Amino acid sequence: MKIHAFLVVALGVISSIANCQVIDKASGEAYKRIIIPAKAASSVRLAASDLQKYLKAVCKADLAIKNTTKEKTGNIYVGFSPEFKKQGFLQKGLKPDAFKIVSRNGNLYIWGRDYSGRPIVGIRNPWFHREVYNSKLKIGAFGEAGSMYGVYYFLEKFAGVRWYMPGELGTVISKKNEIEIPVLNITKSPDFGYRYAWLCDFEQAPEDALWFRRTGFGGLCPTQIIDSFVFFLKYKKSHPEYFALVDGKRDFGNKCASRGGGHLCLKNPDVAKQWVKDICAYFKANPAQRVFPLAPNDGLTRICGCAKCQAELDHKAVESGKFSNHIWNFVNKVAIEVGKKYPDKFVGCIAYEHYLEPPSNIKKLSPNVAVMICQSRSNFIKPSYKLGMRKKINTWRKKCKNIYFWEYYLQTWLPWRNLPVVFPHIISEDLKYLKKVDSKGEFIEAESWYGSRRHKMLFPGMQHLNLYVTGKLYWDVNQDVDKMLDEYFKLFYGPAGKEMKEFWQLAEKIWIDAGKNKLSLSPNVVFSKSALDRLSFILGKAEEKTKAGTAYRKRVKLIANEFQAGRRTISQILRKKPPVLKVPRTSSQMTIDGILSEEIYKAITPPAFVDKMGEAPEYKTYLYATHDAKNLYLVFINYEPEIKRLKSACTQKDIGRIWMDDCIIIFLCPNPKNRKKCYQFIINAKGVTWDGRHGFRKDGAFDLAWNSRIKAVSTIQKYGCI
């Protein structure tokens, strides 16, 4: 009986083993070389390089990569080549991104359909060139890569390699004396065609880009379904009549949508005609693309005020459906005309905000309409939310055949940053459901714009598990998720596997139990002090079980360091009572000049602001507040060390994305028991203002038209600004 030694180690710490081989079990012959086509796609070349690298790492098998060979056996062929035809192998009939692995006559064949054209990028972010293509590795997020997926499946299944997290620390190598390959005839394809996780910029994060593909993410091309009405700003001067009419003026800014970019008069027939012309021109210039986005800009709170547009408002609909008939009628109209010239292309719109509900005035959407439904499966812990989304999806299915999903894995954003929000069983259950309803795939918003490392996958300790499970289930939703997790606990944490299993299972239970709480899902409600203490204790025990310097210790420490940062944030909230600001009344005549010459200011001790962690920031900001019988006066003093870098792009009140400037944002809530009803003010470093109200309109929409008559002034001095 042959005995194989087996030990899990991290890449880069493997000792030498003599006489190690990858053996074809049927012939007993060792594989000696890797053969790729002379004109192989870049994904095939990279896959062959990874196959060579990891087989050497696992068992020291040293296989050269060649384009041809005279040897009849001992070859691993990667990528479809003329040799395959002699064996009767074909690419025809394989589904997108599918692969085949066959062992025959002392050789191993791994192939699929592989894209070899120019990098496939999108018309806007999040599919810009830098976001979806790495020029050094020549690896992209899109384009068929069947051979690459076949290689990674082979390395996982037969060599024991795992990529749980980007980079060397996230890689697990199963060290073996020998790898024995049985007789194989495997065909695999993903359960979802579109599998895009927006987690990094490919150009600046090569390890993350590799992990993207190794985990199973990808797709033929970007399913470009995102807000796009901003594209029409190029017609602002030549065709102002294209734009929505609001209070007698055309909307070129944010009168209708808070994101800005203008809204359109969708009942103007020339608007539809222009979109058809522009979309057809795009498909002609970009034949590899399949979907063009046609959707309002984010934050749509009102539509064109003309009689024809207003007639399409559904006043009987729920809040999430009042614009549905108006928006989807327009999208359908444009799609029908585009389909006459490009029947195999799609016009896509997001089901989102006030047009999340299916339209009631359209029985069936055109076959070339693609719908991307926005949902957050992490919130399925709330039964009402889950049931509501399923009801919407089932109604959408009756109206449209091409359904995609926009998912939110934004637990790296505040206030959840550095907290273990995990839900692998919810992911498993939901993806099984989405396969049953014939979902074409999904977009996962998982980016985190934070600090100088914003282009990488941030906070990988907390983020990797949800994404890893999702990537694997995209290929086979029927996998046993508990078996997958048990393997993860064992391989990734070694001697601390038991403790880390307890950590992640407790974290998942805390999140699921939070759904039973009638209060809002705020971090300080979800993670009690006792829960935080228990999670911290478990991590401490896990660290004790590992040896210093090992990959196991480093992984536990990475997670522990991220968790402790999150714990400090929540502890600040749990420990402190909400701050109370006492505002003295003044009888003085106040002047809005930023000089603070009035006597009342001398009697005020200004409170200092804290950072997002609840701690004192490096550069201080203070607040002076007073009031008289009619007015509230707020003076903010900010000690800004780099005044020249202050950004103040907005120059007019209520126009533009002022929140992207360096600014102060103020919420005033008259009733602390109803925080949804409040006033919002933004003042940038030049003193330009923006104001609006939440919760005052009968339709529940944000009221940007409200005018507070706020007065603001900004003064910039050598050491700061007021």
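The values are calculated or read from the model by the stated rules, or taken from the named source; none is laboratory data. The structure presented is a predicted model; accordingly, all values stated were derived computationally and were not measured. Heads up, the Cβs are rebuilt from the backbone with ideal geometry, glycines too, and the neighbour counts pull from every protein chain shown. These area figures cover heavy atoms from the full protein model, side chains too; ligands, DNA and RNA do not enter into them. Shrake-Rupley method; radii C 1.70, N 1.55, O 1.52, S 1.80 Å.
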Practice item. Please work out whether region 575-693 counts as rounded, prolate or oblate from its C-alpha gyration tensor, where a ≥ b ≥ c are the square roots of the eigenvalues and a/c under 1.5 means rounded, while otherwise a/b larger than b/c means prolate and anything else oblate? Key: rounded
Study note, to complete from the structure: Checked against the positive end of the charge dipole of the chain (+1 on Cβ of Lys and Arg, -1 on Cβ of Asp and Glu, about the Cα centre), the farthest of M590, S135, F89 is F89
Revision key, fill the gap. At the level of C-alpha centres, the distance separating region 497-539 and region 336-382, in angstrom, is 36
Exercise for review: At a 1.4 Å probe radius, which order do V688, V580 fall into by accessible area, largest first?
Suggested key: V580, V688
Exercise for review: Quickly rank 145-155, 330-340 as a protection proxy: mean count of other C-beta atoms within 10 Å, highest first.
Suggested key: 145-155, 330-340
Exercise for review: When a/c is below 1.5 the answer is rounded, else prolate if a/b is larger than b/c, else oblate, so apply that to the chain with a ≥ b ≥ c taken from the square roots of the Cα gyration tensor eigenvalues.
Suggested key: oblate
Check your understanding: Relative contact order, percent, of region 431-501 when contacts are C-alpha pairs under 8 Å separated by at least 6 residues?
Key -> 25
Review point. Do any trypsin sites (Lys or Arg not before Pro) in region 663-709 lie in a loop, going by DSSP, with at most 13 other beta-carbon atoms within 10 Å of their beta carbon, and if so which?
Key: K673, R675, K676, K677, K698, R709
Exercise for review: Please list 38-46, 308-316 highest first by mean number of surrounding beta-carbon atoms within 10 Å per residue.
Suggested key: 38-46, 308-316
Review point. What accessible area per residue, rounded to a whole number of Å², is obtained for the chain using a probe radius of 1.4 Å?
Key: 47
Point to revise | With every protein chain in place, region 437-509: carbon and sulfur % of accessible area (1.4 Å) | key: 49
Revision key, fill the gap. Taking R0 as 22 Å and r as the Cβ-Cβ distance between K53 and K554, the FRET efficiency 1/(1 + (r/R0)^6), rounded to the nearest 0.05, comes to 0.55
Study note, to complete from the structure: Checked against the positive end of the charge dipole of the chain (+1 on Cβ of Lys and Arg, -1 on Cβ of Asp and Glu, about the Cα centre), the farthest of I683, N394, G248 is N394
Check your understanding: Assigning unit charges at the beta carbon (Lys, Arg +1; Asp, Glu -1) and nothing else, what dipole magnitude in debye, to the nearest 20, does region 264-383 show about its Cα centre?
Key -> 320
Study note, to complete from the structure: Restricting to Cα pairs under 8 Å and 6 or more apart, the percent relative contact order of the chain works out to 9
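Starting from region 187-268, pick out the trypsin sites (Lys or Arg not before Pro) whose DSSP state is loop and whose Cβ has at most 12 other Cβ atoms within 10 Å.
K237
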Review point. Which of the peptides 52-62, 620-630 is most tightly packed, and how do the rest follow, going by the mean number of other Cβ atoms within 10 Å of each residue?
Key: 52-62, 620-630
Check your understanding: Where in region 469-573 are there trypsin sites (Lys or Arg not before Pro) that are in a DSSP coil and have at most 11 other Cβ atoms within 10 angstrom of their Cβ?
Key -> K516, K518, K547
Exercise for review: Rounding to the nearest 20 debye, state how big the charge dipole of region 15-101 is about its Cα centre with +1 on each Lys and Arg Cβ and -1 on each Asp and Glu Cβ.
Suggested key: 240
Point to revise | Of K676/K711; K136/K386; K92/K157; K138/K557; K529/K647; K399/K483, those spanning more than 31 Å from alpha-carbon to alpha-carbon | key: K136/K386; K138/K557; K529/K647; K399/K483
Exercise for review: Count the DSSP beta bridges whose two residues both fall in the chain, then state the antiparallel fraction as a percent rounded to the nearest 5.
Suggested key: 60
Check your understanding: What shape does region 79-161 take by its C-alpha gyration tensor, where a ≥ b ≥ c are the square roots of the eigenvalues and a/c under 1.5 counts as rounded, a/b above b/c as prolate, and the rest as oblate?
Key -> prolate
